[in-house]
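The structure under discussion appears below in the form of structure tokens.
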Amino acid sequence: MTSDGWREVGVDDLVARTPNALATGPFGSAISSRFFRAAGVPVIRGSNLSVDPEIRLKDEGLVFLESAKAAEFSRSVVVPGDLVFTSWGTINQVGLIDGSAAYERYVISNKQMKMTPDPNKASAEFLYYLFSAPATQQEILDGAVGTGVPGFNLTRLRSMRFRVPPLPEQRAIATAISEADALATKLRELIKKKREMLQGMMQALLTGQTRLPGSSGDWHGLRVAAASHLKARIGWQGLTTQEYRHSGDYRLVGGTDFRNGRVDWETTPYVDKWRFDQDPNICVKVGDVLLTKDGTIGKTAFVNWLPGPATLNSGVFVLRPKRGAYDPEFLYWMLRSRMFERFVAGLSAGSTINHLYQRDLVTLELDVPPTTEEQSAIAAGLSQLDQEISTLEQRLTSARAIKTGMMQELLTGRTRLLVEAAS
């Protein structure tokens, strides 16, 4: 033990002195899919674990064993307070069965291991974060055993050494990180709910099922290509990746720069001025709708602002309305809808299509509101909710960065927590 109270230990120093405190799942095909049922004792498989510390256990996709069958695998039962590791495949996955678990007991599959910490020596939650920390995750990956599919077995687990603080400090550290986790989880759940709301609004407003107050008149068909200035770079026009610059005044936009329906201007490369001047038809403007035509076809982005002059690479169409034929932001939302997804799926049915041609878009007809005012109002409502989601995602990114910093500081002892002595 060092002067700060931390001591170096192995896994065997932390586990309970009970049978099967360290154990693997059932061997071979003893727990094969033919025994799975719709209800009973749940089985934890790799798909129920994660490398994300926010996800201690995923209940989605659980399969079950009859109680009599599960009783055959008593050594592989896990209960609240146990940790679970993947021993084959994605070996840096770790799970924790905590008080919020949906079931009183689980059985691990033949590709998992279990660990039951001694509650008088170790906090299970502290160990969960310790095994989830980037340094430990990397140690597990670097120590993979076997060839081909990576493995992580009990021998490797037992060989790992850690510096851990006294139990009260372990609990305090676990509580602090858990609170940061709870904030991230709350934000993630709120983002999920908002996305579901957005999908519902899109389904209602982009199909005319729900009309905005004051709206009237029948929707009509819009032949998108005929109503648009539809342009793209002709081939590569001799443009090569060797011409990409890390800085400059003229940006080059490709589909890989699309992020959540917008252009990520932090990732775009630059080109020389003569390349920008080469084709005025594809010089990007505010209000443009961009659509990928190569690779992952059908991705779309709306240009709501420009940091400076920009042009397109050969993998992107630009669409602009002719004579105010439609609201461009409304078209952007239509191209994000299931209607357009079905259109693209219809083009690729029975083929390995990886290119969207201009002639394909000639056949695209969408039902739209009769006035651009109604189109604009719909687009504004959807964009407002989309912006709320983006703001929450930024908060989530920040919360996760703070939590990562806490883990690096607290789990290494670089930053200590004041722990009140027990009375």
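No lab work stands behind these numbers, since they all come straight from the coordinates. For clarity, every value in this text was computed on a predicted model and none was experimentally measured. So basically every Cβ, Gly included, is an ideal-geometry build from the backbone, and we count neighbours across all protein chains shown.
Annotations for the structure displayed:
- Surface/4 estimate of mean projected area, convex hull on alpha-carbon atoms of the chain, nm²: 28.5 nm²
- For the range 220-368, the Kirkwood hydrodynamic radius from C-alpha pairs, put into Stokes-Einstein at 10 °C and a viscosity of 1.306 mPa s, yields a diffusion coefficient of 101 µm² per second.
- Averaging 1/r over each pair of different alpha-carbon atoms in the range 47-99 and inverting the result gives 12.2 Å, the Kirkwood hydrodynamic radius.
- Furthest towards positive pole of dipole, Thr412, Gly214, Gly143, structure part the chain, Cβ charges: Gly143
- Proxy reagent accessibility, fewest Cβ within 10 Å first, across Glu266, Glu393: Glu266, Glu393
- Computed over the chain: relative contact order in percent, which uses C-alpha pairs under 8 Å that are six or more apart: 16 percent
- With each label modelled as a point 7 angstrom along the Cα→C-beta vector, the Ser74-Glu60 pair spans 3.6 nm.
- Each Lys and Arg adds +1 at its Cβ and each Asp and Glu adds -1 at its Cβ; summed about the Cα centre, the range 7-164 shows a dipole of about 400 debye.
- Relative exposure of Thr397, Thr116, judged by other C-beta atoms within 10 Å (fewest first): Thr397, Thr116
- Between Lys121 and Leu306, the FRET efficiency from the beta-carbon distance, with R0 = 35 Å, is close to 0.05.
- Val344 paired with Leu212, simple spin-label distance in nm, labels 7 Å along Cα-to-beta-carbon: 2.6 nm
- On full extension, the segment bounded by Asp249 and Asn20 gains 76.0 nm, given 0.36 nm per residue less the C-alpha separation.
- Computed packing ranks the peptides 214-225, 176-187 as 176-187, 214-225, most packed first, by mean other Cβ atoms within 10 Å.
- Relative contact order of the range 53-139, defined on C-alpha pairs under 8 angstrom at six or more residues apart (%): 31 percent
- Dipole check for the range 220-368: with +1 at the C-beta of Lys and Arg, -1 at the C-beta of Asp and Glu, and the Cα centre as origin, the magnitude is about 220 Debye.
- In a simple Cβ point-charge model (Lys, Arg +1; Asp, Glu -1; nothing else charged), the chain has a dipole of about 620 debye relative to its Cα centre.
- In terms of overall dimensions, the range 175-214 has a Cα radius of gyration and Dmax of 16.4, 53 angstrom.
- With contacts taken as Cα pairs under 8 Å at a separation of at least 6 residues, the range 7-164 carries a relative contact order of 33 percent.
- Counting beta carbons within 10 Å around each of Val77, Val43, Val51 and listing the fewest first gives the order Val51, Val77, Val43.
- Remark: the range 7-164 is approximated by an ellipsoid whose semi-axes, taken from the C-alpha gyration tensor as √(5λ), come to 24, 17, 15 Å, largest first.
- Subtracting the Cα-Cα distance of Ser159 and Glu139 from 0.36 nm times their residue separation leaves 6.1 nm of extension gain.
- Pairwise label distance in nanometres, Ser398 with Glu373, each label 7 Å out on the Cα-Cβ vector: 3.9 nm
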